[in-house]
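Here is the structure we will look at, set down as structure tokens.
The values are calculated or read from the model by the stated rules, or taken from the named source; none is laboratory data. All values derive from a computational prediction rather than experimental measurement. For neighbour counting, all protein chains shown are included, and Cβ atoms are generated from backbone atoms with ideal geometry for every residue, glycine included.
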Amino acid sequence: MIGRNDPCWCGSGKKYKKCHLSEDRKSPQRPEPQQKKQLKEKKLIKSARDIEGMERAGAFNGELLDYIRPFITAGISTGEIDTLVHEYTVSHGHTPACLGYRGFPKSVCTSINNVVCHGIPSPGEVLREGDIVNVDFTTIVDGYFGDSSETFMIGAVSEEARHLVTVTAEALIRGIDAVRPGVPLAAIAEAIEPFAVSKGCAVVHQYTGHGIGKKFHEHFTVYHHIDPECEPVILFPGMTLTIEPMINRGTWEVVTDQVDGWTVRTRDGSLSAQFEHTVLVTEGAAKVLTLTPSQKAAGVRLFVDGIHFR
Ligand code: MF3
Ligand code: CO
Ligand code: CO
């Protein structure tokens with residue numbers, strides 16, 4: 001236990017009673033110093049050096065997204081998108097994380113309409129007006145992973161598709177806003193699922209966010225739906241994770257393609273959308289590591305369909 005006159009656990013140098021004591025009384029979830037030490041030992045809390053590496057990986061992933069964005073229009077094939085991602089990444093000296101990951105055959109995931117995630121790019125698959133497509137980028141920069149995605153609307157899309165895409169973007173923003181030090185991981189799902197359901201949509205259970213660092217998926221699962229299986233992890237400054245809700249217009253249930261073993265579709269054929277950012281837990285609001293240059297310039301975390309999500 002920490003005494004009232006001990007230095008505060010947060011490292012401010014102030015006495016505990018003058019710093020986090022009153023807040024901690026309100027939120028019993030905050031780790032005690034012993035737990036904090038364990039978190040560091042387990043590498044859940046990253047060193048300053050590792051955080052700097054994660055920032056560089058996130059920044060490159062954001063640059064890549066902004067580079068690809070103007071190409072994502074009617075007439076381009078997902079195979080061409082994959083080639084652009086691969087060439088941009090490699091020419092900057094970095095590694096596309098998806099290529100060869102558990103046997104995934106391409107450098108990026110492209111998931112159209114009823115495809116939830118892990119769509120495999122193909123030269124014969126051409127984007128058409130009215131489609132929605134998620135492009136999920138992950139890059140390894142000097143050993144660190146940056147992971148982010150957006151769902152793009154191709155030309156004029158249905159009202160239903162537009163609704164789903166904007167609800168999903170807001171769901172990600174609400175999930176990021178739930179990230180505060182001392183809060184349980186489950187707070188993310190609590191911010192996302194009731195919101196999505198209130199908008200007539202459903203949150204995919206089977207695929208989740210994740211801890212991220214020098215490994216693609218590490219330490220813990222970030223649920224976007226409320227689930228008793230969610231681990232009792234407390235968020236603490238220095239942790240890095242992804243939030244990446246997949247949200248369906250119909251049922252939350254999904255099926256994986258039996259032939260390619262990757263493509264995940266909604267069970268009922270309804271539309272699905274997804275947005276993803278990699279974030280760092282700080283003493284205050286979560287820091288989004290995968291902001292693109294255009295998002296940084298506009299001071300937003302997402303810009304979708306003319307809506308600024310600050
Ligand atoms: N980028 C995905 C994620 O957000 C993972 C894709 S794995 C792949 O976690 F093998 F399909 F590329
Ligand atoms: Co991803
Ligand atoms: Co991810």
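Please state which one of SER148, SER107 is within 14 Å of ligand 2 (Cβ to nearest atom) and part of a loop (DSSP other than H, G, I, E, B). Spell out the reasoning first.
On the way: SER148 fails: part of a loop (DSSP other than H, G, I, E, B).
Step by step, each of SER148, SER107 is checked, and only SER107 is within 14 Å of ligand 2 (Cβ to nearest atom) and part of a loop (DSSP other than H, G, I, E, B).
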- Message: Return the residues of segment 185-209 that are buried (at least 20 other Cβ atoms within 10 Å of the Cβ) and within 16 Å of ligand 3 (Cβ to nearest atom); say none if nothing qualifies.
- Response: LEU185, ILE188, ALA189, ILE192, VAL203, VAL204, THR208, GLY209
- Task: State all residues of segment 75-112 that are over 16 Å from ASN61 (Cβ atoms), surrounded by fewer than 17 Cβ atoms within 10 Å (Cβ to Cβ) and among the hydroxyl-bearing types (Ser, Thr, Tyr); if no residue qualifies, say none.
- Result: SER77, THR83
- Query: Taking segment 173-204, which residues are among the basic types (Lys, Arg) and free of Cβ contacts under 8 Å to residues at least 40 places away in the same chain?
  - Reply: ARG174, LYS199
- Task: Kindly check whether there is at least one residue in segment 128-148 that is surrounded by fewer than 23 Cβ atoms within 10 Å (Cβ to Cβ), small (Gly, Ala, Ser) and closer than 20 Å to GLY58 by Cα.
- Result: yes
- Message: Restricting to segment 151-170, and then to whatever is part of a loop (DSSP other than H, G, I, E, B) and of a type outside the set (Gly, Ala, Ser), can you tell me which residue is nearest to ILE120 (Cα to Cα)?
- Response: ILE154
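Name the single residue that is farthest from ligand 1 (Cβ to nearest atom) among those in segment 52-104 being of a type in the set (A, V, I, L, M, F, W, C) and in a loop (DSSP other than H, G, I, E, B).
Narrowing segment 52-104 to residues of a type in the set (A, V, I, L, M, F, W, C): 54, 57, 59-60, 64-65, 68, 71-72, 74, 76, 81, 84-85, 90, 97-99, 104.
Filter once more, so that each one left must be in a loop (DSSP other than H, G, I, E, B): 72, 74, 76, 97-99, 104.
On the way: ILE72: 17, ALA74: 25, ILE76: 20, ALA97: 7, CYS98: 3, LEU99: 8, PHE104: 3 Å.
Filtering segment 52-104 for residues that are of a type in the set (A, V, I, L, M, F, W, C) and in a loop (DSSP other than H, G, I, E, B), the one farthest from ligand 1 (Cβ to nearest atom) comes out as ALA74.
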- Note on the structure: Those residues of segment 271-310 which are modelled with pLDDT of 95 or more, farther than 29 Å from LEU44 by Cβ and out of contact with any helix residue (DSSP H, G or I) (no Cβ under 9 Å at 6 or more places or on another chain) amount to ALA297, ALA298, GLY299
- Query: Of (1) of a type outside the set (D, E, K, R); (2) over 16 Å from THR168 (Cα atoms); (3) touching a helix residue (DSSP H, G or I) at 6+ places or on another chain (Cβ under 7 Å), LEU235 satisfies all except one. Which?
  - Reply: (3)
- Per the filter on segment 260-289, residues more than 16 Å from ligand 1 (Cβ to nearest atom), more than 26 Å from THR240 (Cα to Cα) and in a loop (DSSP other than H, G, I, E, B) are ARG267, ASP268, GLY269, SER270, LEU271
